[in-house]
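Here the structure is laid out as structure tokens; the discussion comes afterwards.
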Amino acid sequence: MKSSREERVARNEELFQEVNQEIEKLEERLGRPKTLTILCECGQKHCLEGVEVEPAVYQRVRSNPLLFFVVPGHDDAAVERVLERTEQFLVVEKSGRAAEVVRRAR
């Protein structure tokens, strides 16, 4: 059975979220930085853009598994809604089938 587009996007975004959690752990071991440079957690297959975020904001967003950081313009209204906007990043919340995929993975 083929995966839906929403499922593929959600799995791709989860992968980048996991990479970013490892980046945060490494940064913490090296000394608490003023900002973290993480990867955009969008569903675009070849995106490797960086996002600068304060550690406290990163932790707050990470506390909800349905929230992801994306570069402005990388949000996808078909699978998520924008909750926060800054010049550097958006915080998006998965919805519909994508949210179900994320919940099952946790």
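The values are calculated or read from the model by the stated rules, or taken from the named source; none is laboratory data. Everything numeric here is computed off the predicted structure, so don't read it as measured data. Note that we place each Cβ from the backbone using ideal geometry, even for glycine, and neighbour counts take in every protein chain shown.
Tabulated data for the structure shown
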quantity	calculated
Lone unmet requirement of (1) exposed (fewer than 15 other Cβ atoms within 10 Å of the Cβ); (2) of a type outside the set (D, E); (3) out of contact with any strand residue (DSSP E or B) (no Cβ under 8 Å at 6 or more places or on another chain); (4) modelled with pLDDT under 85 for V19	(3)
Restricting region 22-48 to residues that are part of a loop (DSSP other than H, G, I, E, B) and touching an Asp or Glu at 6+ places or on another chain (Cβ under 6 Å), the residue that is modelled with the highest pLDDT	C40
Test: residue in region 43-57 that is touching a residue at least 40 places away in the same chain (Cβ under 8 Å) and either in contact with a strand residue (DSSP E or B) (Cβ under 8 Å, 6 or more places away or on another chain) or at negative phi (or both)	no
Extreme residue, modelled with the lowest pLDDT, among residues of region 1-16 that are among the acidic types (D, E) and under 22 Å from Q88 (Cβ atoms)	E13
Check on E7, touching a residue at least 24 places away in the same chain (Cβ under 8 Å) and farther than 21 Å from E100 by Cα	no
Every residue from region 22-54 that is acidic (D, E), surrounded by fewer than 18 Cβ atoms within 10 Å (Cβ to Cβ) and under 22 Å from R81 (Cβ atoms)	E49
Pairs where the first residue, in region 78-95, is touching a residue at least 40 places away in the same chain (Cβ under 8 Å) and within 11 Å of A10 (Cα to Cα) and the second is basic (K, R) and buried (at least 21 other Cβ atoms within 10 Å of the Cβ), C-beta under 9 Å, 6+ apart	V79/K94
From the options V82, V51, V92, residue that is modelled with pLDDT of 90 or more, of a type in the set (A, V, I, L, M, F, W, C), closer than 20 Å to S4 by Cβ and not in a helix (DSSP H, G or I)	V92
